[in-house]
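Input: a single structure, listed below in structure tokens.
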Amino acid sequence: MEKGTAIRGNFFHLLKDPWPLIEKESDSAQFIKDGLLLINDGIISGFGTYEELSSRLDNYDVIHKPDHLLVPGFIDGHIHFPQVRVMGAYGNQLLDWLQNSIFPEELKYRDRDYATTAAHHFFRALLGAGTTTCQAFTTSSPVSTEVFFDEAIARGMRVIAGLTGIDKFAPDDYCISPHEFYEESKKLIEKYHGLDRCLYAITPRFAVGCSEEMMQACCQLKKEYPDCWVNTHISENPSEIRQAKEEFPDCFDYTEVHEKHGLLGPKFTAGHGVWLSNDEFRRFSHAGAAVCFCPLSNLFLGSGLFRLGKAMDPDQPVRVCLGTDMGAGNSFSMIRVMEEAYKVGLCNNTMLDGSVNPREQDLGESERNKLSPYRAFYLATLGGAKAIYLDHLIGNFVPGKEADFVSLDLQAGQHALAWHQQLTCLDGVPSAIDEAVELLFGVLACGDDRSVSETWIAGKCRYQSNDRGVE
């Protein structure tokens with residue numbers, strides 16, 4: 001019998017949604033000092049205190065990490081594989097940025113060698129940031145989607161992606177016809193959906209870039225492959241919304257474009273949702289659809305502030321994950337995303353002059369905008385997994401789930417972070433959940449990918465900060 005792997009150390013994870021708990025958020029999480037994680041064949045087979053489980057170690061190789069905090073792997077719900085090289089490109093706002101910087105770069109991904117080189121950089125950067133699962137956009141070229149999945153398989157990562165459907169509002173040589181998109185998507189679904197840890201997303205890029213025929217092709221694919229995901233963009237920018245209304249004049253709003261074509265429902269994720277109306281939030285909730293909150297990107301392109309508090313309305317909650325939206329997002333780090341999401345929540349509650357934000361509907365929404373460390377790490381782990389319908393597989397340390405996790409150095413990052421963390425405990429190692437959460441907030445506020453010491457995928461270490469990557 002092959003030996004398993006046992007990780008001994010300090011663990012923190014979420015067990016349920018912290019939003020409803022308000023003053024008792026700690027009830028949503030679990031901290032175990034000197035815990036033990038047992039892994040067999042990439043699956044968590046046991047989790048608890050070292051004292052409880054140490055008698056089961058005869059057939060395990062034990063790795064001890066006493067100085068770090070182990071958390072579930074981060075889930076990036078919205079990222080663009082073919083934008084690695086143009087991350088940080090000056091862009092003004094969304095539609096100009098796409099035409100001037102993004103489409104010219106994405107055209108290069110028709111070349112398999114170029115796409116393969118890019119994939120190497122992309123996945124190393126993901127792992128270096130502690131991201132263990134991503135839902136990604138590729139391009140309108142089948143080659144880019146093939147390369148993406150092949151590289152994910154080589155690293156054992158759980159990913160969601162699919163060929164991009166776009167037949168207008170892009171250079172002619174970037175567009176793909178609805179017929180070709182449909183045929184190539186079917187081939188890719190048959191080859192990759194469910195292969196290793198790969199899942200397929202039917203991917204209309206955004207309504208402005210899709211004709212009625214392209215949306216119908218997506219609709220037909222979803223009917224034929226109902227267990228596939230759907231990944232797109234929605235209501236990112238006011239100009240985009242106006243353009244979508246012009247392209248689909250029979251639809252009352254942006255959300256109706258997806259309802260009309262049978263796409264809004266479970267396993268549907270739309271990036272951004274900055275300008276969704278209250279009624280659209282309600283319909284997302286009833287459909288079981290998700291929005292991916294991308295604060296780095298929304299601020300970088302000046303798109304606006306996502307109303308997290310509205311999405312978390314207990315009467316009509318919407319599934320929400322976090323996303324870097326790299327390359328409009330200017331970092332691969334989900335720690336940075338949590339930091340910016342925290343700031344957006346605060347800014348959403350007041351205008352710059354201190355008056356109440358007129359978009360706020362009630363005091364409850366204002367309170368729900370606040371992103372505590374419990375809420376932030378929930379969205380980056382278990383909540384993100386729930387949003388993309390994978391919480392039965394990933395998101396925390398519950399036995400039976402896949403062993404994806406991150407070892408955090410709570411004192412790494414900005415130069416003075418270690419000294420700051422000593423305000424909570426001198427050795428930087430928490431002894432109770434309140435200390436763990438204080439230290440995690442320090443990482444959220446002042447950390448980045450330098451806080452990630454190791455990234456483990458399906459029970460194997462795939463990244464170590466001391467050598468910048470384990471292949």
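The values are calculated or read from the model by the stated rules, or taken from the named source; none is laboratory data. Here the structure is a predicted model, which means the values were calculated and not measured. Using ideal geometry, Cβ is built from the backbone for each residue, glycine included, and neighbour counts are taken over all protein chains shown.
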For this session: Name the residue, out of S54, S144, S140, that is modelled with pLDDT of 95 or more and in the same structural domain as E435 (by TED's automatic domain parsing).
Result: S54
Exercise. Looking at region 393-403, is at least one residue at pLDDT 95 or above, closer than 25 Å to G88 by Cβ and touching a Pro at 6+ places or on another chain (Cβ under 9 Å)?
Worked result: no
Exercise. Looking at region 286-320, which of the residues that are over 19 Å from the mean Cα position of the chain (by Cα) and of a type in the set (D, E, K, R) is surrounded by the most Cβ atoms within 10 Å (Cβ to Cβ)?
Worked result: K310
Problem set entry | Filter pass, G442 being on the phi > 0 side of the Ramachandran plot, out of contact with any Cys (no Cβ under 6 Å at 6 or more places or on another chain) and buried (at least 19 other Cβ atoms within 10 Å of the Cβ) | no
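Can you confirm whether region 365-375 contains a residue that is assigned by TED's automatic domain parsing to the domain that holds R124, closer than 23 Å to K267 by Cα and touching a residue at least 60 places away in the same chain (Cβ under 8 Å)? Please lay out each step first, then the result.
Step one: of region 365-375, the residues assigned by TED's automatic domain parsing to the domain that holds R124 are 365-375.
Okay, now just the ones that are also closer than 23 Å to K267 by Cα, so 375.
After this cut, where a residue has to be touching a residue at least 60 places away in the same chain (Cβ under 8 Å) as well, the list is 375.
Yes: region 365-375 contains one or more residues that are assigned by TED's automatic domain parsing to the domain that holds R124, closer than 23 Å to K267 by Cα and touching a residue at least 60 places away in the same chain (Cβ under 8 Å).
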Problem set entry | Wholly within region 403-469, strands (runs of 3 or more DSSP E) carrying at least 2 residues that are closer than 20 Å to K33 by Cα | 405-408, 452-457
Problem set entry | Meets criteria (surrounded by fewer than 22 Cβ atoms within 10 Å (Cβ to Cβ), in the same structural domain as D34 (by TED's automatic domain parsing) and not aromatic (F, W, Y)) for A403 | no
Problem set entry | Top-ranked residue in region 164-180 [being at pLDDT 95 or above and small (G, A, S); ranked as surrounded by the most Cβ atoms within 10 Å (Cβ to Cβ)] | G165
For this session: Check V62 against each of (1) at pLDDT 95 or above; (2) surrounded by 15 or more Cβ atoms within 10 Å (Cβ to Cβ) and name the one condition it does not meet.
Result: (2)
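If you take the residues in region 22-39 that are farther than 21 Å from L408 by Cβ and without any contact (Cβ under 8 Å) to a residue 40 or more places away in the chain, which one is surrounded by the most Cβ atoms within 10 Å (Cβ to Cβ)? It would help to see each step written out before you state the result.
Quick first cut of region 22-39, residues farther than 21 Å from L408 by Cβ only: 22-24, 27.
This time we only want the ones that are without any contact (Cβ under 8 Å) to a residue 40 or more places away in the chain, so: 23-24, 27.
On the way: E23: 6, K24: 9, D27: 14.
Of everything passing the filter in region 22-39, D27 is surrounded by the most Cβ atoms within 10 Å (Cβ to Cβ).
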For this session: Give, as residue ranges, the helices (runs of 4 or more DSSP H) completely inside region 245-333 that count at least 1 residues that are more than 29 Å from L444 (Cα to Cα), touching a residue at least 12 places away in the same chain (Cβ under 8 Å) and among the hydroxyl-bearing types (S, T, Y).
Result: 254-260
For this session: For R282, indicate whether it is surrounded by fewer than 24 Cβ atoms within 10 Å (Cβ to Cβ), more than 15 Å from the chain's Cα centre (by Cα), among the basic types (K, R) and assigned by TED's automatic domain parsing to the domain that holds E105.
Result: yes
For this session: Mind listing whichever residues of region 84-103 are at pLDDT 90 or above and either surrounded by fewer than 17 Cβ atoms within 10 Å (Cβ to Cβ) or in contact with a strand residue (DSSP E or B) (Cβ under 6 Å, 6 or more places away or on another chain) (or both)?
Result: R85
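This table checks each residue for (1) touching a Pro at 6+ places or on another chain (Cβ under 7 Å); (2) surrounded by 17 or more Cβ atoms within 10 Å (Cβ to Cβ); (3) at negative phi.
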{"position": "F47", "(1), (2), (3)": "yes, yes, yes"}
{"position": "P66", "(1), (2), (3)": "no, no, yes"}
{"position": "P82", "(1), (2), (3)": "no, yes, yes"}
{"position": "Y109", "(1), (2), (3)": "yes, yes, yes"}
{"position": "R112", "(1), (2), (3)": "no, no, yes"}
{"position": "A119", "(1), (2), (3)": "no, yes, yes"}
{"position": "C134", "(1), (2), (3)": "no, yes, yes"}
{"position": "T139", "(1), (2), (3)": "yes, yes, yes"}
For this session: Could you tell me whether T203 is out of contact with any Cys (no Cβ under 9 Å at 6 or more places or on another chain), surrounded by 21 or more Cβ atoms within 10 Å (Cβ to Cβ) and of a type in the set (S, T, Y)?
Result: no
Exercise. Cβ-Cβ below 6 Å, separation at least six or inter-chain, first residue in region 140-162 and within 20 Å of P72 (Cα to Cα), second modelled with pLDDT of 95 or more and among the β-branched types (V, I, T): which pairs?
Worked result: A152/V159; G156/I457; M157/I457; R158/T133
For this session: Determine whether L70 is without any contact (Cβ under 8 Å) to a residue 40 or more places away in the chain and surrounded by 15 or more Cβ atoms within 10 Å (Cβ to Cβ).
Result: no
Exercise. Of all residues in region 376-399, how many are over 13 Å from the mean Cα position of the chain (by Cα) and not in a loop (DSSP other than H, G, I, E, B)?
Worked result: 0
Problem set entry | Single condition T5 does not satisfy, out of (1) touching a residue at least 60 places away in the same chain (Cβ under 8 Å); (2) hydroxyl-bearing (S, T, Y); (3) over 20 Å from E402 (Cβ atoms) | (3)
